[in-house]
Structures are given as C-alpha cells and as structure tokens.
1. Only residues that are in contact with a helix residue (DSSP H, G or I) (Cβ under 8 Å, 6 or more places away or on another chain), open to solvent by 60 Å² or more (accessible area, probe 1.4 Å) and either among the aliphatic types (A, V, I, L, M) or without any contact (Cβ under 8 Å) to a residue 12 or more places away in the chain (or both): list them for the range 249-261, please.
2. Give the number of residues within the range 223-248 that are in contact (Cβ under 8 Å) with a residue 12 or more places away in the chain, part of a loop (DSSP other than H, G, I, E, B) and polar (S, T, N, Q).
3. Specify the residue that is modelled with the lowest pLDDT; the eligible residues are those in the range 373-430 that are closer than 19 Å to G355 by Cβ and among the β-branched types (V, I, T).
4. Identify, please: which residue in the range 133-163 is in a helix (DSSP H, G or I) and touching a Ser or Thr at 6+ places or on another chain (Cβ under 7 Å) and is, among those, surrounded by the fewest Cβ atoms within 10 Å (Cβ to Cβ)?
5. Quick check on A193: is it over 19 Å from K237 (Cα atoms), at pLDDT below 85 and out of contact with any strand residue (DSSP E or B) (no Cβ under 8 Å at 6 or more places or on another chain)?
6. Which number in (1) more than 22 Å from the chain's Cα centre (by Cα); (2) open to solvent by less than 30 Å² (accessible area, probe 1.4 Å); (3) more than 16 Å from M456 (Cα to Cα) marks the one condition that Y323 misses?
7. Taking the residues in the range 20-37 that are over 18 Å from S339 (Cβ atoms) and buried (at least 17 other Cβ atoms within 10 Å of the Cβ) as candidates, determine which candidate is modelled with the highest pLDDT.
8. Mind checking which pairs have a first residue in the range 364-375 that is under 13 Å from M294 (Cα atoms) and a second that is assigned to a loop (DSSP other than H, G, I, E, B) and of a type outside the set (A, V, I, L, M, F, W, C), Cβ under 8 Å, 6 or more apart or different chains?
Amino acid sequence: MASNRKKNSDEKKRANDKRIINDFSKGSIIKNILSLALPMTLAQLINVLYNIVDRIYIGRIPKDATMALTGLGLCLPIISMVIAFANLFGMGGAPLCSIERGRGNDQEAEAIMGNSFVMMVLCGLTLTLLGLLLKRPMLYLFGASDATISYADSYITIYLLGSVFVMIGLGMNSFINSQGFGKIGMLTVLLGAVSNIILDPVFIFVLDLGVQGAAWATILSQGLSALWILRFLTGDKAILRLQKKAFRLKRQRVLSIIGLGLSGFTMSITNSLVQIMYNASLARYGGDIYVGIMTVINSVREVVSLPISGLTNSAQPVMGYNYGAGQYKRVKKAILFMSIVSVCYTTVMWSFVHGFPEFFIQIFNHEGDLVSSGIPAMQIYYFGFFMMSLQFAGQSVFVALGKSKNAVFFSIFRKVIIVVPLILILPGFFHLGVNGIFMAEPISNFVGGLACFGTMLAKVWPELQNSPQTKAPTSN
C-alpha cells in the first residue's frame with residue numbers, strides 16, 4: 001500500500017512538473033510567440049527545401065531542364081493532397097492538445113495525439129494505393145502534355161510510395177511544436193532537409209536518375225524525419241507522449257479533430273484545386289512554358305510566405321493555451337502582435353518581389369523564354385501581396401480558438417469562391433489571356449483577406465472582452 005501511494009505521488013509530481021513546462025499563460029506573450037516563431041519559421045524554411053531543392057536541381061539538369069521542371073510542377077496538386085491530410089489531423093489535433101493542456105487535462109491531450117497519429121497512418125496508406133492507381137489520368141487532367149507526362153509520372157510514382165512518411169513528418173511535428181518544443185520541431189525538419197540536400201545531387205546527377213532521383217531523395221529524407229519524431233514523442237522528454245493506449249479511436253474525438261483540422265485540410269485541398277486550374281488554364285492559353293513559370297511562382301511563394309506562416313502557426317498554440325486557461329487579455333495581445341508584424345513583413349516582401357522578379361526566377365531556371373515571360377507574370381501575381389497577411393492572421397486565430405466553421409469557410413471562400421471563377425472568366429475578358437489568369441490571385445488577396453480578418457475581429461474580439469472569471473471559453 002505504501003509503495004503504491006509513493007508511486008502515485010511520484011506520478012502526480014511528474015505530471016505537475018510537466019504541466020508547468022512551457023506554460024504559455026506566464027511571462028511576456030510576445031516572447032512566448034517569438035520563442036516558438038523563430039525555430040518554427042526556420043523549421044518551415046528547411047521543410048520547404050524538400051521540394052524547393054528538388055526544383056533548383058531539376059532546373060539545372062543538362063537536358064530538357066524546363067520540361068522536367070514543368071513535369072515536377074504538375075505533381076504539386078497531388079503533393080498538396082497528401083499534405084492536406086497531414087494538416088487535417090496535425091493542424092486539427094495540435095490546437096486541441098494546446099487547449100486541453102491549458103485546462104490541465106493532459107490525459108485527453110495525449111488521447112487526441114494518439115488518435116491523430118492512427119488516422120495519419122491509415123490515410124497515408126490509402127493515399128498511396130489510390131494515387132498509384134489514378135496518377136496518369138490525374139496528371140493529364142492537371143495540364144500534362146505528351147512532352148511533360150513522363151517527367152511528372154516518374155516523380156509522383158516514387159513520391160507516393162512515401163506518403164506515410166510525409167504524413168508523419170508533417171502532421172506529427174505539429175504536436176511537438178504545440179507542446180512548446182520549437183527547437184525539437186526545427187531539428188526534425190533540419191534532419192530531413194539536410195539529408196535531402198545531400199542526397200539530391202547524388203541521385204539526380206551522380207546516379208543519373210533525374211526526376212526519379214529527386215523523388216527518392218525526398219521520401220528517404222521524410223522517412224528519417226518521421227523516425228526522429230516517433231523517437232521523441234515516445235521518449236521521456238515529451239510532455240505529452242505517444243502511447244498505444246491512446247491509439248484506440250473514439251468517434252467524437254476523431255470528429256473534433258477533423259472538424260478543426262478541416263481548415264488546414266481545406267486550405268491545402270483548395271490550393272491543390274487552384275494549382276490544377278492554373279496549370280490547366282495556362283497550358284491552354286500559354287502552353288508548357290507558362291506551366292513552368294507557374295511552378296517557379298509557386299516555389300517563390302513558398303519561400304517568401306515562410307516567415308509569416310511561421311509566425312501565425314507559432315502563435316496558435318500560445319493563443320490556444322491562453323484561451324483554454326481563460327487568459328483573454330493575453331489572447332488579444334497575441335492577435336495584435338501577430339497581425340501588425342504580418343502586414344509589415346508582407347509589405348516589405350512585396351516590394352522586393354515586384355522590384356527584382358528576375359532574381360527570384362533565376363534561382364530556379366536561367367532559360368531565356370521562361371525568364372522573359374516570367375517577369376511580368378510575377379509582378380501581376382504578387383501585386384498587393386501584403387493583403388494575404390490578413391488572411392493568414394484571421395485564419396490562425398479561428399484555428400487557435402477552435403472555431404472550425406469560420407476557419408473552413410474562409411479557406412473555401414478565397415480559393416474556391418473567388419480564385420477559381422476568376423481563372424475561368426478573366427482570360428477571355430478583354431482578351432487578357434495569361435495575364436488574366438495571373439490577376440486572379442491579387443484580387444482574391446484583397447477581397448478574401450479583408451473578409452477573413454474583418455469577420456475575425458467582429459466575431460472574436462467581443463468574446464475576448466469578457467472577464468475570464470465570468471465566461472468560459474466556447475468553440476464553434
């Protein structure tokens with residue numbers, strides 16, 4: 001009896017010790033955000049290198065570099081679909097974990113993480129099977145031509161074999177960051193990215209595997225990241241541990257994860273849809289060269305959006321924790337800080353991309369036609385880029401506070417309701433052609449950004465005016 005009491009006392013003490021680690025309700029809220037933002041932003045920068053480095057190397061192969069780069073770009077919608085399911089369970093489960101940690105309910109937080117992990121593995125296996133069966137018709141639907149299909153097919157076949165690695169590497173890292181271990185999360189992607197940088201030239205050039213080599217380097221690197229994550233989350237250093245007892249799926253818990261994760265999922269799926277529409281329309285109005293230009297534009301966007309994405313994502317666990325703990329004033333301060341920094345950063349980056357588009361294009365390709373045609377396309381596409389920061393900030397608040405309906409709606413609103421119709425309408429409007437296609441993005445940034453951020457202020461701010469002692473947090 002005495003030994004059991006001592007054991008229970010020790011376990012309770014360890015639980016209490018863990019609970020005060022990374023307590024986001026204490027200290028400067030700005031410092032809490034930045035303590036996660038710096039390593040998370042660097043981690044995302046490194047993570048982008050998985051695909052960016054592939055494109056940089058492929059754009060420099062001795063023969064048919066532009067066609068190979070275009071083929072790689074045609075795979076982006078499928079890659080976005082895989083990422084979408086990682087976001088569904090990673091971005092759905094991690095904020096819920098933060099909220100439960102804020103409430104002191106670590107057992108439920110671990111159950112959320114365990115259920116998310118199981119769903120990631122199951123979805124990863126399903127996506128591999130379906131993707132391999134449907135890849136060629138999908139690629140043709142996405143704008144592939146007879147000149148580019150072989151490159152696209154070679155890359156995506158190998159990439160799909162590593163879907164489970166991608167799911168775990170991207171999705172489960174959210175649970176490391178949500179516990180406040182931003183540096184560990186950064187090391188996760190650093191391990192994979194460095195491996196990818198080393199393996200890419202070996203597989204692409206030394207072994208002469210071309211785009212297949214790029215795919216092999218990517219999935220092997222993602223596999224190393226996945227192993228690192230599993231080792232950390234099953235070890236003693238994690239606040240919330242990945243345990244078999246948490247793998248048992250509970251219907252209501254899974255539905256809650258999916259409900260909140262639908263925002264990140266919808267963003268990735270709608271990104272995939274928009275990429276399909278862009279590629280198909282550009283192939284029709286401009287040919288393969290403009291599909292290649294769109295690949296470069298997407299690559300530049302991934303890089304320049306990283307700091308703002310890192311900041312808003314790192315603010316989520318801090319806002320969610322304080323929301324769960326009833327610290328509404330701290331949540332408001334976090335929203336203000338995140339929004340102001342987001343607008344300032346994207347304004348600066350807009351000026352750089354608009355003023356020096358050739359520099360950004362030549363990172364990926366030096367061929368004359370692609371560069372000359374890509375310069376005006378870049379300037380049109382990135383016009384008013386600073387307005388996108390409002391979409392990022394508003395969306396981040398909805399996700400962090402568990403307001404899934406709003407988060408999902410604005411994911412759909414900007415991409416599906418605004419961008420897709422504009423891609424279809426503008427090319428024929430006053431004979432704008434490819435310029436009309438690229439104009440769809442800046443228009444959606446202005447309309448979608450204002451709508452999302454304005455709604456967030458109107459809906460969330462009044463709720464945060466209430467005293468935390470008189471009103472419990474609610475979710476939508």
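1. Residue satisfying the conditions is L249 alone.
2. 1
3. That would be I375.
4. Looking only at the range 133-163, we keep the residues that are in a helix (DSSP H, G or I), and these are 133-141, 149-161, 163.
Subsequent filtering for residues that are touching a Ser or Thr at 6+ places or on another chain (Cβ under 7 Å) retains 135, 159-161, 163.
Working: K135: 18, Y159: 26, L160: 23, L161: 15, S163: 28.
Among them, the one singled out is L161.
5. Taking the combined requirement at face value, the residue satisfies it.
6. Going through the list (1) more than 22 Å from the chain's Cα centre (by Cα); (2) open to solvent by less than 30 Å² (accessible area, probe 1.4 Å); (3) more than 16 Å from M456 (Cα to Cα), Y323 breaks only (3).
7. Per the criteria, the residue is S35.
8. From the range 364-375, the pairs are F364/G59; N365/G59; V371/Q362; V371/N365; S373/G286.
The values are calculated or read from the model by the stated rules, or taken from the named source; none is laboratory data. Values in this document were obtained by computation on a predicted structure and should not be read as measured data. Cβ sites come from the backbone with ideal geometry, for glycine too, and all protein chains shown count toward neighbours. Ligands, DNA and RNA are excluded from the accessible area calculation, which covers all protein heavy atoms including side chains. Shrake-Rupley method; radii C 1.70, N 1.55, O 1.52, S 1.80 Å.
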